[in-house]
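J.: Can you keep this structure in mind? I'll have questions shortly.
The values are calculated or read from the model by the stated rules, or taken from the named source; none is laboratory data. If you're wondering where the values come from, they're calculated on a predicted model, not measured in any experiment. All Cβ positions, glycine included, derive from the backbone under ideal geometry; neighbour counts span all protein chains shown. What goes into the accessible areas is simple: the full protein's heavy atoms, side chains included, and nothing from ligands, DNA or RNA. Shrake-Rupley method; radii C 1.70, N 1.55, O 1.52, S 1.80 Å.
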Amino acid sequence: MDARGKGDRVRAQKLLRDALAKAPDDHEVHGRLAQLLAEEGDIAAASKSFHAGAEGYHAQGFTDRAIALLKQAVQHAPRDA
């Protein structure tokens, strides 16, 4: 995501949310948004996106990527294991 790479987190979040509005099951977008939300401190919303992303990756057969997202989720919310 170009906006995130340039440090414009607000714009990056908006673009990702816009993408999810069009494709709510896009697990890759959920994974990217989750990271931004967690870094901003919105742990509850980040957790939902981490889990949605992980479920999507797992459903596509990318269990290793699903596990990686869940590990990130636990780093930000240890009680959400």
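J.: Please name all residue pairs, on different chains or six or more residues apart, with Cβ atoms under 8 Å, provided the first residue is in the range 19-34 and is closer than 17 Å to K71 by Cβ and the second residue is open to solvent by 30 Å² or more (accessible area, probe 1.4 Å) and assigned to a loop (DSSP other than H, G, I, E, B).
T.: Pairs that qualify, where the first residue is closer than 17 Å to K71 by Cβ and the partner is open to solvent by 30 Å² or more (accessible area, probe 1.4 Å) and assigned to a loop (DSSP other than H, G, I, E, B), are H27/Q60; R32/M1.
Here's the yes/no breakdown for (1) modelled with pLDDT of 95 or more; (2) among the aliphatic types (A, V, I, L, M):
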{"site": "K22", "(1), (2)": "yes, no"}
{"site": "A38", "(1), (2)": "no, yes"}
{"site": "A45", "(1), (2)": "no, yes"}
{"site": "A59", "(1), (2)": "yes, yes"}
{"site": "R65", "(1), (2)": "yes, no"}
{"site": "Q72", "(1), (2)": "no, no"}
{"site": "R79", "(1), (2)": "no, no"}
